[in-house]
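Reading through the structure tokens given below for one structure.
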Amino acid sequence: MERPQSKTGDLTRRIIALTQQPAQVAVLMSGQGSNADAILDSRNLYPNLDFHLVLSDQHTSNGRGIAQKHGLDYDLNQFDRSTGSREIYFQGVAESLRQRRINFLVYAGFMLITPGFFLEEFPGINIHPADLTIKGIDGKPKYRGMRALESAVSAGEQYVANTVHVVDTEFDCGPSIAVSEHYPL
């Protein structure tokens with residue numbers, strides 16, 4: 001099934017507007033939470049972002065520990081990849097976020113592709129472990145997905161970097177906001 005095209009420009013404008021006024025933020029994660037922890041350790045650098053919640057899709061994640069460390073609420077919305085419907089799952093997550101009045105998301109190692117209807121209501125940014133400004137022959141970021149860093153190393157890239165980008169319906173293809181310092185391999 002073809003994924004609907006997002007209004008990338010609209011999402012980007014909404015994210016810029018949200019970060020210029022107080023935004024109610026949830027951090028989404030799936031794993032051990034090193035990105036989430038680093039973001040929350042530095043949250044004083046983002047005075048317009050009011051962090052309220054850590055949300056995880058996996059009971060094996062360290063989400064509860066990260067939330068406790070930073071004095072935030074925690075929500076586990078378990079997703080069963082073998083039998084679950086992404087649409088139904090994200091409808092449930094949306095209801096949980098609405099109840100908490102969340103209007104902005106920070107994806108920090110969250111491993112589910114987000115459907116368009118969810119992004120329209122809850123725009124967000126993602127921290128990706130590779131340089132998404134390196135393009136493939138199709139014009140899309142060359143190092144997308146869960147194995148991006150491994151792919152970059154295997155392809156012989158001379159450096160690695162992280163990218164912060166707008167979350168869009170096509171995974172790891174939203175506009176880049178910032179690319180970290182390049183670290184030589």
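Largest mean-square fluctuation among GLY139, GLY174, GLY92, in a Gaussian network model of the chain whose springs join Cα atoms under 10 Å apart, belongs to GLY139. Note on segment 47-147: the alpha carbon radius of gyration divided by the globular reference 2.2 N^0.38 Å gives 1.17. For the chain, which span is the longest to avoid every loop-located (per DSSP) member of trypsin sites (Lys or Arg not before Pro) having at most 16 other Cβ atoms inside 10 Å? Longest site-free region, per DSSP loop and neighbour criteria: 8-80.
What's the local net charge at GLY31, with K and R +1, D and E -1, over the other residues with C-beta under 15 Å away? Intermediate values should be presented prior to the final figure.
Details: positive: ARG64, ARG81, ARG147; negative: ASP37, ASP57.
In short, +1.
Judged by the ratio a/c of the largest to the smallest principal axis of the C-alpha gyration tensor, the chain counts as rounded, that ratio being less than 1.5.
Note that segment 173-184 has calculated 3J(HN,Hα) couplings of 10, x, x, 6, 9, 7, 10, 5, 3, 7, 10, x Hz, one per residue in order, obtained from phi through the Karplus relation 6.51 cos²θ - 1.76 cosθ + 1.60 (θ = phi - 60°); glycine and proline are x. Bridgeable aspartates and glutamates around LYS69 (alpha carbons under 17 Å apart, same-chain partners fewer than 8 residues away excluded): ASP37, ASP41, ASP50. What shape does segment 90-185 have by the C-alpha gyration tensor, where a ≥ b ≥ c are the square roots of the eigenvalues, rounded means a/c under 1.5, and otherwise prolate means a/b greater than b/c and oblate the rest? Prolate shape, in that a/c is at least 1.5 and a/b is the bigger ratio.
Shape call for segment 135-185 from the C-alpha gyration tensor, a ≥ b ≥ c root eigenvalues: rounded (a/c under 1.5), prolate (a/b greater than b/c) or oblate? Because a/c hits 1.5 or more and a/b fails to exceed b/c, segment 135-185 counts as oblate. Once backbone amide H atoms are built at 1.01 Å from N, PHE51 has VAL25 as its partners under 5 Å, excluding neighbours fewer than 5 places away on the same chain. For segment 114-161, the carbon plus sulfur part of the accessible surface works out to 55%, probe radius 1.4 Å. Within the shell defined by Cβ-Cβ distances under 13 Å, the residues around ILE66 carry a net charge of -1, with Lys and Arg each +1 and Asp and Glu each -1. Multiply the residue gap between SER34 and GLN68 by 0.36 nm, knock off their C-alpha separation, and tell me the result in nm, one decimal place. Extra length from SER34 to GLN68 when fully extended: 10.8 nm.
Dividing the mean sequence gap of close Cα pairs (under 8 Å, 6+ apart) by how many residues segment 81-185 holds gives a relative contact order of 24 percent.
Restricting the count to DSSP beta bridges whose residues both fall in segment 31-185, what percent are antiparallel, rounded to a multiple of 5?
60 percent
A straight chain from SER176 to TYR159 at 0.36 nm per residue would run longer than the Cα-Cα distance by 4.3 nm. Amide H contacts for GLY109 (H built 1.01 Å from N in the peptide plane; partners 5 or more residues away or on another chain; cut-off under 5 Å): ILE127. Working note: 222 nm ellipticity from helices only, DSSP H runs with n ≥ 4, each -39,500 (n - 2.57), summed and divided by the residues of the chain, gives -8500 deg cm²/dmol to the nearest 500.
Across segment 1-147, C-alpha contacts under 8 Å between residues 6 or more apart give a mean separation that, scaled by the residue count, equals a relative contact order of 25 percent.
Simple point charges give the picture: +1 on the Cβ of Lys and Arg, -1 on the Cβ of Asp and Glu, and for segment 1-138 a dipole about the Cα centre of about 180 debye. A 1.4 Å probe run over the chain, with the rest of the protein chains in place, finds 53 Å² accessible per residue.
The values are calculated or read from the model by the stated rules, or taken from the named source; none is laboratory data. Everything numeric here is computed off the predicted structure, so don't read it as measured data. No Cβ is skipped: glycine too gets one built from the backbone with ideal geometry, and neighbour counts run over all protein chains shown. Keep in mind that these areas ignore ligands, DNA and RNA; they rest on the heavy atoms of the full protein, side chains included. Shrake-Rupley method; radii C 1.70, N 1.55, O 1.52, S 1.80 Å.
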